[in-house]
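Below is one structure, written out as structure tokens, with a few remarks after it.
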Amino acid sequence: MVSIKALETRRRITDATVQIMLTQGFPQLTLEEVAKQANVSKGGLLYHFSSKEELLMGVIEEQERRQFQQYQTYREEGFGPMEAFVLLQARRDEEFCLDIDTVLFLLSLLKENAAFVEERKKQVHQFFDQLMEQADPVDAMMIRFTLDGLKMSEHFQFGQPAPDVRQALIERLLKQARKIDQASK
């Protein structure tokens, strides 16, 4: 069993990693800089993450954990499953949008770690299987793929909508999600 202190240290390390990537850029991401920002020794960092690659996989896992936690919070606040999904995806893009170099590195890292990728795929499939049990699969997939396209355009900074168009798109997706959620009751 991992101690609360160890979990908090891991979280500080992953938070520092994200902050460096977002504010300084991926080229500035070194284990030394992460340790400094997280206020841990390099040895302490290496105790939790034995390499830069493992650290980045830890960041992905931490982001997934936070997304799941936020989704659960939306559900507890009374939002339906599809509406909670749209809110989650729209929010995530606003707080965790990486530059193209970082995205490409993460994709290459994932390509080299098949077991890690398979676990992510399994979790995504389970999540969407649950969503589609409660909704028309075509409607659910239209919302999902619209959000996926929006994320890609924002990450790669290619064809992204103006802020007012983005907001209108999210509002329309939320309206559609509410209809799906109401129809499944």
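The values are calculated or read from the model by the stated rules, or taken from the named source; none is laboratory data. Note that the coordinates shown come from a computational prediction; the quantities given were computed from them, not determined experimentally. All Cβ positions, even for glycine, are placed from backbone atoms using ideal geometry, and neighbour counts span all protein chains on display. Accessible surface is based on the protein model in full, side chains and every heavy atom, while ligands, DNA and RNA are left aside. Shrake-Rupley method; radii C 1.70, N 1.55, O 1.52, S 1.80 Å.
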If we keep only residues of region 1-29 that are surrounded by 13 or more Cβ atoms within 10 Å (Cβ to Cβ) and among the hydroxyl-bearing types (S, T, Y), then the residue farthest from L55 (Cα to Cα) is T9
Restricting attention to region 81-95, which residues are surrounded by fewer than 23 Cβ atoms within 10 Å (Cβ to Cβ), modelled with pLDDT of 80 or more and out of contact with any Lys or Arg (no Cβ under 6 Å at 6 or more places or on another chain)?
P81, L87, L88, Q89, A90
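I'd like to verify a number: residues in region 149-185 that are among the acidic types (D, E) and modelled with pLDDT under 90, how many?
Initial filter on region 149-185 (among the acidic types (D, E)): 154, 164, 171, 181.
Applying the additional criterion that residues be modelled with pLDDT under 90 yields 154.
Residues in region 149-185 being among the acidic types (D, E) and modelled with pLDDT under 90: 1 in total.
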Exactly one condition in (1) modelled with pLDDT under 90; (2) open to solvent by 40 Å² or more (accessible area, probe 1.4 Å); (3) of a type outside the set (D, E); (4) over 17 Å from Q63 (Cα atoms) is false for R144; which is it?
(1)
Within region 133-159, tally of residues that are more than 19 Å from the chain's Cα centre (by Cα) and outside any helix (DSSP H, G or I)
5
Members of region 139-185 that are hydroxyl-bearing (S, T, Y) and over 14 Å from F79 (Cβ atoms):
T146, S153
Which of the residues that make up region 147-180 are crowded, with 17+ Cβ neighbours inside 10 Å and β-branched (V, I, T)?
I170, I180
Residues in region 5-55 that are in contact with a helix residue (DSSP H, G or I) (Cβ under 7 Å, 6 or more places away or on another chain), under 21 Å from F105 (Cα atoms) and not in a helix (DSSP H, G or I): how many?
2
Output the number of residues of region 30-39 satisfying the condition of being surrounded by fewer than 19 Cβ atoms within 10 Å (Cβ to Cβ), among the hydrophobic types (A, V, I, L, M, F, W, C) and more than 15 Å from M57 (Cα to Cα).
1
Test M21 against the criterion of being in contact (Cβ under 8 Å) with a residue 60 or more places away in the chain and under 20 Å from V124 (Cβ atoms), and give yes or no.
no
Evaluate the following for G78: is it on the phi > 0 side of the Ramachandran plot and open to solvent by less than 40 Å² (accessible area, probe 1.4 Å)?
no
